[in-house]
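Derivation of every value follows stated rules applied to the coordinates shown; laboratory data play no part. What you are looking at is a predicted structure, and each value in this text was computed from that prediction instead of being measured. Heads up, the Cβs are rebuilt from the backbone with ideal geometry, glycines too, and the neighbour counts pull from every protein chain shown.
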Amino acid sequence: MYLHVGQNTVIRTGEIIGIFDMETSTLSQTTRQVLARAEKEGKVVNVSMEMPKSFLLCQNEKGEMTCYITQISTATLLKRSGTRLDLRGDDRNL
């Protein structure tokens with residue numbers, strides 16, 4: 001299955017490691033370091049023409065990491081992916 005993340009960009013859902021809220025997750029120094037490293041390595045794809053709301057960390061079958069920055073909220077991306085998170089932290093397909 002594929003997930004549309006904006007600006008005619010789609011990602012295979014099997015490659016998604018995580019979907020993160022830009023505002024809250026960048027409070028962590030570790031997250032900022034991951035984003036800075038991805039930027040330095042040229043692994044950031046900005047698909048947002050507006051203020052970014054979230055980012056997706058992805059890994060392809062070759063093990064290469066890519067970070068997609070998008071104006072779409074984490075809640076909308078989760079709905080589009082067909083995945084829900086329950087309180088135990090388990091991912092389950094609908």
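Laid out as a table, the results:
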{"item": "Volume per residue that the Cα convex hull of the chain spans, once the total is divided by residue count, Å³", "result": "111 Å³"}
{"item": "Computed label-point distance, nm, for sites Arg37 and Arg80 using a 7 Å Cα→Cβ extension", "result": "2.7 nm"}
{"item": "Residue among Thr30, Thr70, Thr13 with the largest mean-square fluctuation in a Gaussian network model of the chain, springs linking Cα atoms under 10 Å", "result": "Thr30"}
{"item": "Candidates Lys79, Lys43, Lys53, ranked by Gaussian network fluctuation over the chain, Cα under 10 Å, top entry", "result": "Lys79"}
{"item": "Nearest-0.05 FRET efficiency for Glu64 and Thr24, computed from C-beta distance (R0 41 Å)", "result": "0.95"}
{"item": "Cα gyration tensor, the stretch 1-43 - rounded (a/c under 1.5), prolate or oblate", "result": "prolate"}
